[in-house]
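The structure appears below as structure tokens.
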């Protein structure tokens, strides 16, 4: 015998779902609301009523047969999923966050599929969605429905407008000062972010990279080298500057680098707060203010300029890809190797990069730039970013569910990832220093930082204007073999004296060109971080260099 299905009118169903979405899946939004409107509780009550009535009016307008249930179910599932990550990690879901989700590889995604996520989705997503699916919705005839819905929509919108007008000064100032408030509202924020991402992606496959630096040639220092000049650029992942002992952090997270004569720059800003933004931006000749995905995809980057100057340029990846930066150079994706010495579950410890570099160095016959892209400190499973022997700071959080750990345990796990990065970089430096047949240098810079619970925020990818400095201040470390420094006339003591000068990802393009003594019209010495500490060329060499780059 078939059980009777409960029946409900379309408007009451929409009212119930609207109330559920606004008040049950927006824990972070209401916590922020209480903080920002603490002295004006009536304004916050008005905001809640207004948001409910606005959503109620919008959904009532689409409460037609065959449409209302799919729309309501979809919104419930979107809100339930978004609310878990917003509430658990304090993130905001914007276009860049959607890009991160789309570009996340299966191994990274598996770390987020925790039992707490499944329970949350069952309780706040699938169960209420099932209730909507089961009930029988009673619909009126078309003209009756139009009149009835209008009688609901118009007053709802009128009351919403009245509330906004009554409290407008309070709302205008609060939303302007605290843009994260609306940015954490479900399901509005994830829907808008998804639309912006889709709009941005339309037509991206038609981009053609315009040539850049077609006049690039070796400068006199490089041209006179008797041994191949080799630059290793290590692109870090999610490493925040504040956690490096070289930069003043209280834990000794960088003991090996401290013994190797590196220069650590303490005041470096990232181009973005996610890999998808920062990596293409930092290799382009666009500044952060001018950067867009379309502009970056429509032009070649610094690696192409180095190729034109005669360099052998390679990209070796242990993260999530090169985001089209390496489209025109040899590329290797190391997790595909499943090397049991370093890899498990589709991911590898960064020691695999040094192991691969050791083989790459044996094949070098000319000036070379090799990019090593780390998985670094990517969360939330920090404990999986380092071998067990590198759990120096304990007890450390060993789960992706931060709610199951004390904040100190999360920070310790993260600090262990920095300690392991310290070891990998030191090992790489030792490898380069051992090669007397090459003039070598290493430059390390991270793509973005990370939040570790400050103000309840974890992970990264916050909108740049709202992001804390922990997400936008990144480490940059340089090491030069004595032969390389002499070849390029670099005063390392001068660089160490400038270690606190403000720098950013805007400098990387020009610093790589200047560091390798490439002459091209697209080079801007004012953006070369090392230019102030490079001795000027003798007059004869300077005249020769100028004649080579003059059209």
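The values are calculated or read from the model by the stated rules, or taken from the named source; none is laboratory data. Note that this is a predicted model, so its numbers are computed, not measured. FYI the Cβ positions are ideal-geometry reconstructions off the backbone, even for glycines, and counts take in every protein chain you see.
Values computed for the structure shown
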| item | result |
| --- | --- |
| Subset tally (residues that are touching a strand residue (DSSP E or B) at 6+ places or on another chain (Cβ under 9 Å), surrounded by 21 or more Cβ atoms within 10 Å (Cβ to Cβ) and assigned to a helix (DSSP H, G or I)) for segment 376-393 | 1 |
| All positions within segment 458-469 that are part of a loop (DSSP other than H, G, I, E, B) and in contact with a helix residue (DSSP H, G or I) (Cβ under 9 Å, 6 or more places away or on another chain) | 460, 461, 462, 463, 464, 466, 468 |
| Matching residues, segment 437-457, being modelled with pLDDT of 95 or more and either in a loop (DSSP other than H, G, I, E, B) or surrounded by fewer than 18 Cβ atoms within 10 Å (Cβ to Cβ) (or both) | 437, 438, 447, 448, 449, 450 |
| Checklist (1) in contact with a strand residue (DSSP E or B) (Cβ under 8 Å, 6 or more places away or on another chain); (2) at pLDDT 95 or above applied to residue 355, failing item | (1) |
| Residue under evaluation residue 142, criteria (1) free of Cβ contacts under 8 Å to residues at least 60 places away in the same chain; (2) within 24 Å of residue 22 (Cβ to Cβ), criterion not met | (2) |
| Number of positions in segment 381-415 that are under 24 Å from the mean Cα position of the chain (by Cα) and free of Cβ contacts under 8 Å to residues at least 24 places away in the same chain | 7 |
| Residue match in segment 219-232 (condition: assigned to a strand (DSSP E or B), out of contact with any helix residue (DSSP H, G or I) (no Cβ under 8 Å at 6 or more places or on another chain) and more than 16 Å from residue 95 (Cβ to Cβ)) | no |
| Sole exception among (1) under 22 Å from residue 273 (Cα atoms); (2) modelled with pLDDT under 95; (3) surrounded by fewer than 24 Cβ atoms within 10 Å (Cβ to Cβ) for residue 460, by number | (3) |
| Strands (runs of 3 or more DSSP E) lying entirely in segment 264-375 (those with 2 or more residues that are buried (at least 18 other Cβ atoms within 10 Å of the Cβ)) | 312-317, 368-373 |
| Residue in segment 491-505 that is buried (at least 23 other Cβ atoms within 10 Å of the Cβ), touching a residue at least 60 places away in the same chain (Cβ under 8 Å) and closer than 30 Å to residue 190 by Cβ present | yes |
| Selection status of residue 260, surrounded by fewer than 24 Cβ atoms within 10 Å (Cβ to Cβ), in contact with a strand residue (DSSP E or B) (Cβ under 7 Å, 6 or more places away or on another chain) and either more than 14 Å from residue 509 (Cα to Cα) or at pLDDT below 95 (or both) | yes |
| Selection status of residue 140, surrounded by fewer than 16 Cβ atoms within 10 Å (Cβ to Cβ), within 25 Å of the chain's Cα centre (by Cα) and not in a helix (DSSP H, G or I) | no |
| Residue in segment 199-208 that is outside the structural domain of residue 327 (by TED's automatic domain parsing), closer than 29 Å to residue 10 by Cβ and either touching a helix residue (DSSP H, G or I) at 6+ places or on another chain (Cβ under 8 Å) or not in a helix (DSSP H, G or I) (or both) present | no |
| Members of segment 126-137 that are in a helix (DSSP H, G or I) and loosely packed, with under 14 Cβ neighbours inside 10 Å | 127, 130, 133, 134 |
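Condition check ((1) surrounded by 17 or more Cβ atoms within 10 Å (Cβ to Cβ); (2) more than 20 Å from residue 150 (Cα to Cα); (3) within 36 Å of the chain's Cα centre (by Cα); (4) free of Cβ contacts under 8 Å to residues at least 12 places away in the same chain) across all residues:
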{"position": "36", "(1), (2), (3), (4)": "yes, yes, yes, no"}
{"position": "39", "(1), (2), (3), (4)": "no, yes, yes, yes"}
{"position": "43", "(1), (2), (3), (4)": "yes, yes, yes, no"}
{"position": "46", "(1), (2), (3), (4)": "yes, yes, yes, no"}
{"position": "50", "(1), (2), (3), (4)": "yes, no, yes, no"}
{"position": "54", "(1), (2), (3), (4)": "yes, no, yes, no"}
{"position": "60", "(1), (2), (3), (4)": "yes, no, no, no"}
{"position": "63", "(1), (2), (3), (4)": "yes, no, no, no"}
{"position": "66", "(1), (2), (3), (4)": "no, no, no, yes"}
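Yes or no, residue by residue, for (1) assigned by TED's automatic domain parsing to the domain that holds residue 447; (2) modelled with pLDDT of 95 or more; (3) under 20 Å from residue 261 (Cα atoms); (4) assigned to a loop (DSSP other than H, G, I, E, B):
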{"residue": "510", "(1), (2), (3), (4)": "yes, yes, no, no"}
{"residue": "521", "(1), (2), (3), (4)": "yes, yes, no, yes"}
{"residue": "537", "(1), (2), (3), (4)": "yes, no, no, yes"}
{"residue": "543", "(1), (2), (3), (4)": "yes, no, no, no"}
